[in-house]
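The values are calculated or read from the model by the stated rules, or taken from the named source; none is laboratory data. Quick caveat: nothing in here was measured; it's all calculated off a predicted structure. Backbone-built Cβ (ideal geometry, glycine too); neighbour counts: all protein chains shown.
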Amino acid sequence: MTTYKFPSGFSWGAATASYQIEGAANEGGRAPSIWDTFSKTPGRVKNGDTGDTACDSYHRYEEDIQLLKEMGASTYRFSIAWPRIYPQGRGEVNREGLDYYHRLVDGLLAAGIEPFCTLYHWDLPQALQDEGGWDNRATADAFVEFARTMFTEFGGKIKKWITFNEPWCSSFLSNYIGVHAPGFTDLQLAVNVAHHTLLAHGKTVELFRSLNLEGEIGIAPNITWSVPYSSRPEDKEVCLRRIMWTFDYFLDPIFFGHYPQNLLDVFAKNGAQPPVQPGDMELIQRPIDFIGGNYYSASIDRYNPDAGLLENEEMNMGYERTDIGWPLDPVGFYDSLKYIQNKYGDLPIYITENGACINNGPEEGRVHDDRRTHYLRQHLVSLHRAINDGVNIKGYMAWSLLDNFEWAEGYNMRFGLVYVNYETFERIPKDSYYWYSNIVKTGVLEV
Ligand code: GCO
């Protein structure tokens with residue numbers, strides 16, 4: 001048996017997102033977001049599932065806090081539904097929405113759990129989409145006003161802020177690949193969305209500093225690792241492009257003030273370029289306090305000029321897969337953390353998401369999700385190895401506390417440590433919850 005001891009003071013927790021868990025879509029003064037519209041459009045989400053009721057966390061947040069507390073979590077990552085705060089995106093603030101998050105945050109603090117708040121986890125108010133959404137530069141300013149309200153209301157209570165969750169998804173997956181809301185397939189549009197997202201990020205960081213708030217602010221891009229099929233330079237190159245598209249495309253502007261040239265070249269070849277205006281890159285480059293990283297999986301890719309935008313062809317190498325079909329690659333987790341350290345330096349890193357889709361349901365009141373435990377065990381070993389090798393990782397948040405609305409996959413894909421019955425909203429901690437809880441409480445993993 002090997003014992004892996006994590007540093008003392010390491011923060012452990014779990015993550016969720018507003019539209020995926022809250023439900024109560026028409027309550028508390030909330031107006032629709034682009035995800036309400038999208039999920040109600042036939043054919044967009046499996047089984048026609050919507051977030052209307054989700055896990056009903058809007059009403060059951062106390063139970064969820066209790067689950068975190070019993071787990072021993074020191075931190076909880078959740079997101080704010082912008083349309084609960086500004087139902088029309090801007091203008092009049094909705095007090096009921098603020099009150100809900102005050103109840104949640106106060107409950108967390110009373111339980112000794114640090115609130116780790118994501119401002120944008122994809123639920124853009126539909127009213128803003130009607131004005132062009134993130135394609136419209138003015139949306140960045142509306143976002144900054146939403147952030148200002150959150151900072152002034154919650155400053156002192158919330159000390160960890162994430163501006164944007166997985167900006168690659170909310171720009172490219174949503175506007176070029178078209179499988180997430182709002183569901184467009186236009187590269188120039190996606191490149192615009194990415195740029196305005198970064199602009200909103202930079203302006204929000206600047207605002208945060210100007211308010212002199214206690215705490216830290218960062219961003220949480222997805223880390224999609226990719227391993228070259230062979231040592232041929234062209235295979236290595238497509239893999240690097242693939243990694244950089246989800247991660248460096250958003251972090252290079254923040255750290256270095258420019259987009260990665262290899263991706264600008266790909267976009268230019270396809271007739272698209274970011275709508276940069278004078279001063280934008282300076283704003284985007286405002287220093288952040290930490291990097292958040294969401295890691296799930298890796299692919300093995302090779303160069304194939306007929307394989308779409310990046311010219312990468314994904315190879316099936318027979319890797320073990322989770323129930324959503326994503327290959328398990330814990331080594332990719334380690335490699336990506338080293339990559340981040342080499343490229344961006346020693347800024348603190350939080351693993352803001354990591355987890356597995358394993359769809360086992362209850363059997364006689366228990367959920368035996370051994371394959372989730374297996375996944376987590378392997379990834380925590382990689383995490384430990386990265387920490388030992390000097391990567392400055394401060395915390396780990398498992399995705400997810402609860403089974404929840406898995407975007408275009410609906411409710412069938414389950415990522416929770418806690419099982420949710422979507423009819424009764426009963427919560428059942430799975431075997432992996434108890435296993436993870438032991439590590440959270442002791443800071444020790446035994447394998
Ligand atoms: C995110 C993710 C989550 C997903 C998870 C599993 O960015 O936070 O998309 O919301 O549920 O990644 O796919």
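Mind checking whether some residue in segment 352-360 is crowded, with 20+ Cβ neighbours inside 10 Å, touching a residue at least 12 places away in the same chain (Cβ under 8 Å), part of a strand (DSSP E or B) and hydroxyl-bearing (Ser, Thr, Tyr)?
yes
So which of Tyr61, Tyr100, Tyr120 is within 16 Å of Ser400 (Cβ to Cβ), in contact (Cβ under 8 Å) with a residue 12 or more places away in the chain and among the hydroxyl-bearing types (Ser, Thr, Tyr)?
So the residue among Tyr61, Tyr100, Tyr120 that is within 16 Å of Ser400 (Cβ to Cβ), in contact (Cβ under 8 Å) with a residue 12 or more places away in the chain and among the hydroxyl-bearing types (Ser, Thr, Tyr) is Tyr61.
For residues that are β-branched (Val, Ile, Thr) and more than 15 Å from the ligand (Cβ to nearest atom), scanning just segment 322-341, find the one that is farthest from Ser226 (Cα to Cα).
Ile340
If only one of Gly183, Gly202, Gly155, Gly178 is away from the ligand (no atom under 14 Å from the Cβ), more than 15 Å from the chain's Cα centre (by Cα), within 19 Å of Glu406 (Cα to Cα) and touching a residue at least 12 places away in the same chain (Cβ under 8 Å), which one is it?
Gly183
In segment 258-281, is there at least one residue being touching an Asp or Glu at 6+ places or on another chain (Cβ under 9 Å), of a type outside the set (Ser, Thr, Tyr) and either more than 23 Å from Asp186 (Cβ to Cβ) or within 16 Å of the ligand (Cβ to nearest atom) (or both)?
Scanning segment 258-281 turns up at least one residue that is touching an Asp or Glu at 6+ places or on another chain (Cβ under 9 Å), of a type outside the set (Ser, Thr, Tyr) and either more than 23 Å from Asp186 (Cβ to Cβ) or within 16 Å of the ligand (Cβ to nearest atom) (or both).
Since Tyr319 meets every condition but one in (1) under 21 Å from Ala386 (Cβ atoms); (2) away from the ligand (no atom under 16 Å from the Cβ); (3) under 23 Å from the mean Cα position of the chain (by Cα), which condition does it not meet?
Every condition holds for Tyr319 apart from (3).
Restricting to segment 387-419, and then to whatever is away from the ligand (no atom under 15 Å from the Cβ) and in a strand (DSSP E or B), can you tell me which residue is nearest to Cys55 (Cα to Cα)?
Top of the filtered list is Tyr419.
Of the residues Tyr344, Tyr339, Tyr334, which single one is without any contact (Cβ under 8 Å) to a residue 60 or more places away in the chain, farther than 16 Å from Pro7 by Cβ and either surrounded by 19 or more Cβ atoms within 10 Å (Cβ to Cβ) or among the hydroxyl-bearing types (Ser, Thr, Tyr) (or both)?
So the residue among Tyr344, Tyr339, Tyr334 that is without any contact (Cβ under 8 Å) to a residue 60 or more places away in the chain, farther than 16 Å from Pro7 by Cβ and either surrounded by 19 or more Cβ atoms within 10 Å (Cβ to Cβ) or among the hydroxyl-bearing types (Ser, Thr, Tyr) (or both) is Tyr334.
Got a sec? Which of Met71, Met1 is modelled with pLDDT under 95 and either out of contact with any Ser or Thr (no Cβ under 7 Å at 6 or more places or on another chain) or not polar (S, T, N, Q) (or both)?
After ruling out the rest, the residue left standing is Met1.
Here is a list of conditions, (1) part of a helix (DSSP H, G or I); (2) free of Cβ contacts under 8 Å to residues at least 24 places away in the same chain; (3) among the aliphatic types (A, V, I, L, M), and Ala307 meets all of them except one; can you say which number that is?
So the condition that Ala307 fails would be (1).
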